[in-house]
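The values are calculated or read from the model by the stated rules, or taken from the named source; none is laboratory data. Since the model is a prediction, treat every value here as computed from it, not as a measurement. Here the Cβ is made from the backbone with ideal geometry for all residues, glycine too, and neighbour counts use every protein chain on show.
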Amino acid sequence: MSDKKKTQVEEINRNMYDIRNPEEYSYKTQGLTEDVIREISAQKNEPQWMLDFRLHALEVYEQLEMPSWGPSLHELDMDKIATYVKPKTDMKRSWDDVPEDIKNTFDALGIPQAEKESLSGVGAQYDSEVVYHSIKEDLKKQGVIYTDFESAVRDYGDIVKKYFMKCVPVTEHKFVALHGAIWSGGSFVYVPKGVQVDIPLQSYFRLNAPGAGQFEHTLIIVDEGASLHFIEGCSAPKYNEINLHAGCVELYVKENARLRYSTIENWSKNMLNLNTKKAIVEKNGKIEWVTGSFGSKISMLYPMSVLKGDNSKSEYTGISFAGHGQNLDTGLKVAHIGKNTSSVMNAKSISKDGGACTFRSSVKVTPGATGAKSSLSCESLMLDDISRSDTIPANEIETDDVVFSHEAKIGAISDQTIFYLMTRGISEEEARAMIVRGFASPISKELPLEYAVEMNRLINLELEGSIG
Amino acid sequence: MEKMILNETPVRTARSFHINNIELKDFTMPEIGKFENIQIHNCGKLARGIEIDQNAKLPKPSPSHSLSQELTNQIELNANSNLKIKVNVDAAETEPIMINYTLDNKNPNLVNHISITADENAKAKIYIVYRAQTKQNVLYHNGLIEVNLAKNSSMDLYLVNFLSDISYNLDCVDANLAENSKFNLITVDLGGKYSITNYNVNLVKSGAEGTINTVYLGKKDQVFDINDIASMSGEKTKVSINVQGALFDNAKKNFKGTIDFRKGCKKAKGQEEEFCMLLSPKAVSRGLPMLLCTEEAVDGAHSSAAGKIEGDKLFYLMTRGISEEEARKLIIKARFQPILQLIENEELKNEVLEKMRF
């Protein structure tokens, strides 16, 4: 075996994500002050309760401290962040009505085509506002609501008021409070009792403006016995300034309901991705998280499953790929509260070219959560000696009637495995490539097909050389 | 009364996980007087290979991690027992050294600093046992053991905590391992209202090997906070951490285990395993088994598990005519056995088994 040749796992090809349009907007705010919040609320013509909510969140934001753990966020200066960038268009129901440069961007990202081929509804956000939203007629007829969040506040005020930031309260951490103060855009989904949405809905979030923040709010309610697969995609072109993403996702999975929430995160490498996601799962309900984290300069992202109802379930499948200049700190939090709940986590990470991946998790089994079962597995692959890979899994078990297990592995590609494959007539290069593909495949097979293809392209192996 | 924050993990995680450190509320640092209840056995045979100096002036302590700077300062300024142990190369044939500290009403507070060095190729086994001879008074132990092993040396260090369940046991070990040296730390942690321990193994040079094997048993309101840290920077170094415990009543345990693969530790191997048997619905187990890695060609693994005694094991034993209570005891003992059998001193092993009766 040659020690010198190295298989290169290529840097992610970002050409299609790096399309930049000239910065054009109809309205823009800078920084975070009470006046800025009043201006945003006025622009949106919001009800008073929402303005009051925003102002309260600002107070909480000012009281809370920055995290004392995880990647350094010293580059974040809220005074320099464009907190609200209203694009030069209103929301449209037809792609033909969307301004050409914006439409071209989403065309390049493949959104309209995916809508035709494999989605039952699409929301497309550009900077701070949703510019396109659609849903298939048959879903509408079944009572499914899928709309932009501003319209939801206006048209479904009572239901929004009941659920908005109750799952993720603004006191949870500093960036949730920030979100509560300046949220803009996002999607609202309601799936009525017993309705099975067989074809996924997808919201795509595109941030074009340099130095801007995106603070979209996603609220999904899957009512009793219903099911939904929701896909979230996000990207931005690269600039030299810091961009900020502090979205918030609140998911309510009612009795016997099922929700799969898939995310492909492909922000540019000047993005601080400080997103918050949480699902509350009722009796016999199930939440499935499928996550691919490839972009951003820094990510701190830990979706949370609150298994409130008896027999509720959570599954997490995630992969992170950190290259040069990236620090991806991701994982999952689970709280077992109901009886006989179960959680399964399967996480993988690949670090190369000085990139850093951290898997961080927390499993909490509360005193009444008897019969809880939790199993967690994470594997990390280091592709060179200038990168970093950490595993930081915490657990807190407060009842004896529980089965909890966690295992983690870290390492490079084993010579023994390569040797085994070579004894079967496979070349060394192909053997190494097979191992990396095999490492990622349990995750890619959980992704929607078009995203699995995209992920395989993102983790593009050059078979000439070798890893290790 | 004051608040003291101890035993920080090498890398912090979210505060809401309740495991970055442990806070002692309403704690008063005691006045440190004399401590005279120390016994060192096998001194006769020590003369040839091992030097022990009870009056040594030890250098300023500088552990790689510690329980807190305040406790390290107390050891530097107010230690009431200093021991310097030097193991020479011809100590290989000597009997193990047995050091007994007994805390009682006249000697309720022990602040001890122990420095252990081993020459090249030297071998030694050292037992250090903390006992309580009173159940009325709150006892206090703050200790630091600094171990430096030269090339090819080997040391087995046994720490046994038999303090009463209203005591404070605050203990730190910091071991630095040179080329091809071997260090085995075996600890049995049974005493203390709070038993807060910080064991560091620094595998600095190539080929060094270290193990940390811990058994703990918590009852009543006991709290165990265990912080094991293995820092690997030498090539082909190996480390293994194995922590097994059981919690009754309202007992709580925090296990923080870190294997840090640092730059230069190519082909290093590290593994950690933790299991906590929960024998009461009110017991609480927290765990944070961390792997940190900045080196490419390493092999690291950890596993952590918690739960009650498996029903099928109980059932199997009961079908063999064993009562449920006896079957439970057998299963718990079987968990601990691989670590307890490392204790070669039969008298001490029996004493441990006796104290572990439940």
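When region A:213-224 is filtered for residues that are closer than 19 Å to A:Arg54 by Cα and either buried (at least 24 other Cβ atoms within 10 Å of the Cβ) or of a type in the set (A, V, I, L, M, F, W, C) (or both), the ones remaining, listed by number, are A:Gly213, A:Gln214, A:Phe215, A:Glu216, A:His217, A:Leu219.
Would you tally the residues in region B:15-29 being more than 14 Å from chain A (Cβ to nearest Cβ) and surrounded by fewer than 17 Cβ atoms within 10 Å (Cβ to Cβ)? Break it down stepwise before answering.
At the first step, the residues of region B:15-29 found to be more than 14 Å from chain A (Cβ to nearest Cβ) are B:23-29.
Keeping just the survivors that are surrounded by fewer than 17 Cβ atoms within 10 Å (Cβ to Cβ) gives B:23, B:25-29.
Of the residues in that region, 6 qualify.
Considering A:Ala152, A:Ala124, the condition of being surrounded by 19 or more Cβ atoms within 10 Å (Cβ to Cβ), closer than 18 Å to A:Asn208 by Cα and not polar (S, T, N, Q) is satisfied by A:Ala124 alone.
Looking at region A:242-256, is at least one residue at pLDDT 95 or above and over 23 Å from A:Asp148 (Cα atoms)?
As a first pass, look at region A:242-256 and keep what is at pLDDT 95 or above: A:244-256.
Then keep just the ones that are over 23 Å from A:Asp148 (Cα atoms); that gives A:255-256.
Taking every residue of region A:242-256 in turn, at least one turns out to be at pLDDT 95 or above and over 23 Å from A:Asp148 (Cα atoms).
Of everything in region B:134-152, what is modelled with pLDDT under 95 and of a type in the set (S, T, N, Q)? Give them in sequence order. Selection gives B:Thr134, B:Gln136, B:Asn137. Within the set B:Ser164, B:Ser181, the sole residue that is more than 13 Å from B:Ile128 (Cβ to Cβ) and buried (at least 21 other Cβ atoms within 10 Å of the Cβ) turns out to be B:Ser181.
Across region A:63-76, the qualifying residues are those that are away from every other protein chain (no Cβ under 14 Å) and surrounded by fewer than 12 Cβ atoms within 10 Å (Cβ to Cβ), and the one among them that is farthest from A:Gly180 (Cα to Cα) is A:His74.
Can you find even one residue in region B:166-184 that is at pLDDT below 95 and either of a type outside the set (Asp, Glu) or within 21 Å of B:Val223 (Cα to Cα) (or both)? Let's see the steps before the verdict.
So the first thing to find is which residues in region B:166-184 are at pLDDT below 95, and the list is B:166.
Still in the list and also either of a type outside the set (Asp, Glu) or within 21 Å of B:Val223 (Cα to Cα) (or both): B:166.
Yes, that holds for at least one residue.
Take B:Asp249 and tell me if it is surrounded by fewer than 17 Cβ atoms within 10 Å (Cβ to Cβ), charged (D, E, K, R), in contact (Cβ under 8 Å) with a residue 24 or more places away in the chain and within 7 Å of another protein chain (Cβ to nearest Cβ). Please lay out each step first, then the result.
Numbers: surrounded by fewer than 17 Cβ atoms within 10 Å (Cβ to Cβ): yes; charged (D, E, K, R): yes; in contact (Cβ under 8 Å) with a residue 24 or more places away in the chain: yes; within 7 Å of another protein chain (Cβ to nearest Cβ): no.
In short, no.
Evaluated against (1) more than 19 Å from A:Val85 (Cα to Cα); (2) touching a strand residue (DSSP E or B) at 6+ places or on another chain (Cβ under 9 Å), A:Ala236 falls short on exactly one condition, (1). Taking the stated definitions as given, is A:Thr370 surrounded by 24 or more Cβ atoms within 10 Å (Cβ to Cβ) and not aliphatic (A, V, I, L, M)? Taking the combined requirement at face value, the residue does not satisfy it. For region A:391-421, which positions are more than 7 Å from chain B (Cβ to nearest Cβ) and aliphatic (A, V, I, L, M)? Correct list: A:Ile413, A:Ile418, A:Leu421.
Within region A:282-305, take every residue that is among the hydrophobic types (A, V, I, L, M, F, W, C) and free of Cβ contacts under 8 Å to residues at least 60 places away in the same chain and give me the one that is surrounded by the fewest Cβ atoms within 10 Å (Cβ to Cβ).
Residues of region A:282-305 that are among the hydrophobic types (A, V, I, L, M, F, W, C), as a first pass: A:287, A:289-290, A:294, A:298, A:300-301, A:304.
Subsequent filtering for residues that are free of Cβ contacts under 8 Å to residues at least 60 places away in the same chain retains A:287, A:289, A:301, A:304.
Working: A:Ile287: 28, A:Trp289: 23, A:Leu301: 24, A:Met304: 21.
Ranking the candidates gives A:Met304 first.
Residues that are among the charged types (D, E, K, R) and in contact with a strand residue (DSSP E or B) (Cβ under 6 Å, 6 or more places away or on another chain) number at least 2 in the following strands (runs of 3 or more DSSP E) confined to region A:276-354: A:276-281, A:286-293, A:313-322, A:327-336. B:Arg12 fulfils the conditions (1) surrounded by fewer than 15 Cβ atoms within 10 Å (Cβ to Cβ); (2) within 14 Å of another protein chain (Cβ to nearest Cβ); (3) free of Cβ contacts under 8 Å to residues at least 40 places away in the same chain except for a single criterion, (1). Of the residues contained in region B:252-274, none is found to be of a type in the set (A, V, I, L, M, F, W, C), surrounded by fewer than 24 Cβ atoms within 10 Å (Cβ to Cβ) and more than 9 Å from chain A (Cβ to nearest Cβ). Residue pairs whose Cβ atoms lie under 6 Å apart, sitting 6 or more positions apart in sequence or on different chains, and linking a residue in region A:223-235 that is more than 17 Å from A:Glu315 (Cα to Cα) to a partner that is of a type in the set (Lys, Arg) and surrounded by fewer than 24 Cβ atoms within 10 Å (Cβ to Cβ), are A:Asp223/A:Lys193; A:Asp223/A:Lys254; A:Glu224/A:Lys193; A:Glu224/A:Lys254; A:Gly225/A:Lys193. When we screen A:Ile37, A:Ile81 for residues that are touching a residue at least 24 places away in the same chain (Cβ under 8 Å), farther than 27 Å from A:Thr358 by Cα and either surrounded by fewer than 17 Cβ atoms within 10 Å (Cβ to Cβ) or in the same structural domain as A:Val131 (by TED's automatic domain parsing) (or both), the only hit is A:Ile37.
In region A:275-289 there is no residue that is in contact with a helix residue (DSSP H, G or I) (Cβ under 7 Å, 6 or more places away or on another chain), at pLDDT below 95 and in the same structural domain as A:Arg258 (by TED's automatic domain parsing). Of the residues making up region B:282-323, just one is within 7 Å of another protein chain (Cβ to nearest Cβ), outside any strand (DSSP E or B), within 24 Å of B:Lys252 (Cβ to Cβ) and at pLDDT 90 or above, namely B:Ala283.
In region B:85-108 there is no residue matching the filter, namely being touching a strand residue (DSSP E or B) at 6+ places or on another chain (Cβ under 7 Å), modelled with pLDDT of 95 or more and within 21 Å of B:Ser68 (Cα to Cα). State whether the residues of region A:59-68 include one that is modelled with pLDDT of 90 or more, among the hydroxyl-bearing types (Ser, Thr, Tyr), out of contact with any His (no Cβ under 6 Å at 6 or more places or on another chain) and within 17 Å of A:Ser184 (Cβ to Cβ). Yes; the residues of region A:59-68 include at least one that is modelled with pLDDT of 90 or more, among the hydroxyl-bearing types (Ser, Thr, Tyr), out of contact with any His (no Cβ under 6 Å at 6 or more places or on another chain) and within 17 Å of A:Ser184 (Cβ to Cβ). Would you confirm whether or not region A:43-51 contains a residue that is farther than 30 Å from B:His18 by Cβ, in contact with a strand residue (DSSP E or B) (Cβ under 8 Å, 6 or more places away or on another chain) and either modelled with pLDDT of 95 or more or away from chain B (no Cβ under 14 Å) (or both)? Yes, the conditions are met somewhere in region A:43-51. Filtering region B:194-233 to residues that are crowded, with 24+ Cβ neighbours inside 10 Å and more than 18 Å from B:Leu288 (Cβ to Cβ) leaves B:Asn202, B:Leu203, B:Ala208, B:Gly210, B:Val215, B:Leu217, B:Gln222, B:Met232.
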